[in-house]
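Presented below is the structure to which this report refers.
The values are calculated or read from the model by the stated rules, or taken from the named source; none is laboratory data. Note that the structure is predicted; figures quoted are calculated from it, not measured. Every residue, glycine among them, receives a Cβ derived from its backbone with ideal geometry; neighbour counts consider all protein chains shown.
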């Protein structure tokens with residue numbers, strides 16, 4: 001059964017995010033079906049931060065031992081490669097928990113403002129909003145996330161770690177990895193669901209404006225007011241909550257994906273990257289699945305943001321057609337003119353903390369960066385190989401010259 005309201009649509013994801021420690025708001029049906037910030041959150045936040053710092057430090061310290069356990073050969077390049085990848089994962093999780101706590105009131109305002117817009121839009125259109133497509137999307141994406149990480153990836157890692165004597169120690173790191181990626185997935189689901197909902201509202205508003213050939217000034221002002229509120233949610237609230245997350249997530253995908261591709265290229269070349277050459281087939285399969293999952297997350301954020309931006313721009317163009325509309329000299333008419341003037345210069349993009357706009361260009365930026373970083377890794381690995389071979393040749397020459405008379 002499809003959700004009948006935005007609160008019903010987003011509530012399961014918010015509850016899951018609260019359980020994971022990355023969100024600090026909850027739905028309260030007794031308070032006019034709105035979201036609230038529970039009391040005594042400082043203890044919960046402190047618990048998650050201390051726990052994640054402890055497990056994160058443990059994972060980083062274990063990096064060298066894990067690499068040595070798998071490859072049976074020391075290589076500082078391998079240590080640095082996996083250390084950076086693990087560090088980016090830990091920083092991404094800490095960012096989600098920290099921003100979930102410090103931006104809880106911004107998220108609260110975003111959710112409740114969306115509920116208010118939904119109610120006003122329902123009254124204005126005289127019908128309920130259809131969430132059928134959005135509800136099916138979030139449902140299947142949530143089911144896939146749980147199935148992928150809890151069953152598929154968990155099983156692959158367990159079977160692989162059984163080959164080693166340090167199974168328990170490696171399993172703890174696996175739990176951190178699966179927890180972190182679950183946090184990333186549900187953050188993306190909440191972000192994309194909110195964007196798709198706002199996009200749906202804009203589509204309904206634009207259709208209503210195009211249908212009404214001669215709207216009243218007061219009615220026209222209500223349309224423009226809702227559009228303006230949605231624009232503010234995109235410019236301020238979405239960027240404040242999810243902007244920095246997108247930055248960290250793109251960096252994590254960059255390092256993780258480049259490392260995975262480097263592993264495959266090294267396995268099929270003469271560079272003899274020891275970790276990959278001695279990995280099991282299960283881990284090679286997991287590498288492919290990780291890359292597909294990371295690519296899917298980047299595509300979801302970029303495409304949903306781009307669609308929302310496109311819909312906002314289309315709606316803005318639609319409202320400008322009423323600039324020449326002859327209205328009486330009323331308060332509503334003046335407010336409409338004020339909105340139109342503001343609409344001409346207002347930015348309507350979801351931004352990653354001002355670093356870059358989140359749209360389809362993010363896809364090109366991330367994957368081109370992966371290729372660039374991959375080339376750099378290959379060059380550094382080749383340099384390490386050349387230096388090692390040069391050092392071995394020097395030692396052999398020295399020993400021979402010493403023995404000879």
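Residue-by-condition table, conditions (1) in contact with a strand residue (DSSP E or B) (Cβ under 8 Å, 6 or more places away or on another chain); (2) modelled with pLDDT of 75 or more; (3) part of a loop (DSSP other than H, G, I, E, B); (4) surrounded by fewer than 17 Cβ atoms within 10 Å (Cβ to Cβ):
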| residue | (1), (2), (3), (4) |
| --- | --- |
| 186 | no, yes, no, no |
| 195 | no, yes, no, no |
| 198 | no, yes, no, no |
| 202 | no, yes, no, no |
| 207 | no, yes, no, yes |
| 213 | no, no, yes, yes |
Looking only at segment 80-139, how many residues end up being crowded, with 17+ Cβ neighbours inside 10 Å, more than 21 Å from residue 186 (Cα to Cα) and out of contact with any helix residue (DSSP H, G or I) (no Cβ under 7 Å at 6 or more places or on another chain)? 0
So residue 110 fits all but one of (1) assigned to a helix (DSSP H, G or I); (2) more than 19 Å from residue 245 (Cα to Cα); what number is the exception? (2)
Taking the options 228, 294, name whichever one is at pLDDT below 85, crowded, with 21+ Cβ neighbours inside 10 Å, over 21 Å from residue 79 (Cβ atoms) and touching a helix residue (DSSP H, G or I) at 6+ places or on another chain (Cβ under 7 Å). 294
Counting only residues that are within 18 Å of residue 187 (Cβ to Cβ) and either more than 20 Å from the chain's Cα centre (by Cα) or crowded, with 16+ Cβ neighbours inside 10 Å (or both), how many does segment 7-36 have? 18
